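One structure is given below, encoded as structure tokens.
The values are calculated or read from the model by the stated rules, or taken from the named source; none is laboratory data. Small disclaimer: the values here were computed from a predicted structure and weren't measured. When we count neighbours, we look across all protein chains shown, and the Cβ atoms used for this are built from the backbone with ideal geometry, even at glycine.
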């Protein structure tokens, strides 16, 4: 085999490998709210208070950073661990504490949350500050990390309304079986 043929084979192999990786990673990207379920519900004037009432029913205290996952096998949850740590490091000094819940232990949330992992941030006055994903992009680590944005919403001294992020593409699992 000549040197040119070897280089051509190497180039073909590299292109094939890159194409396969790109194809596989595209399959891992999903929408957070593909049917617009959360978006539609969040337009209701009573959405925030209804959500807070449900959280209280499940014993969620004020000043909580609530990670909502699943008991199922969702690889995407592993990718949020660094975001969870960053968020608690930023907001822990303001009195927020972390709480992990699963969609299976909160059946009322299955009709609200289109995907997991999801994040709910409630301030010390039981105001909903944020509901949505931790991050976007391939594996939720090559796209936009939302930790700084979420920290800003949660630490703002004034409260206008909740931020409900429904338009996001990343690594998410459907809690609906």
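If you scan the range 149-170, which residues turn out to be more than 21 Å from residue 41 (Cα to Cα) and either under 11 Å from the mean Cα position of the chain (by Cα) or in a helix (DSSP H, G or I) (or both)? Break it down stepwise before answering.
In the first step, residues of the range 149-170 are kept if they are more than 21 Å from residue 41 (Cα to Cα); the result is 149, 151-152, 154-158, 170.
Result: 149, 151, 152, 154, 155, 170.
Can you tell me how many residues within the range 78-116 are buried (at least 17 other Cβ atoms within 10 Å of the Cβ) and in a loop (DSSP other than H, G, I, E, B)?
7
Which one of 50, 44 is over 12 Å from the mean Cα position of the chain (by Cα), without any contact (Cβ under 8 Å) to a residue 24 or more places away in the chain and in a helix (DSSP H, G or I)?
Numbers: 44 fails: in a helix (DSSP H, G or I).
Just one listed residue meets the conditions, 50.
Would you check which residues across the range 41-77 are farther than 16 Å from residue 131 by Cα and surrounded by fewer than 12 Cβ atoms within 10 Å (Cβ to Cβ) and list them?
Passing the criteria: 57, 59, 71, 73, 75.
What do you reckon, is residue 67 in a strand (DSSP E or B), assigned by TED's automatic domain parsing to the domain that holds residue 127 and either touching a strand residue (DSSP E or B) at 6+ places or on another chain (Cβ under 8 Å) or over 18 Å from residue 162 (Cβ atoms) (or both)? First the steps, then the outcome.
Values: in a strand (DSSP E or B): yes; assigned by TED's automatic domain parsing to the domain that holds residue 127: yes; either touching a strand residue (DSSP E or B) at 6+ places or on another chain (Cβ under 8 Å) or over 18 Å from residue 162 (Cβ atoms) (or both): yes.
Taking the combined requirement at face value, the residue satisfies it.
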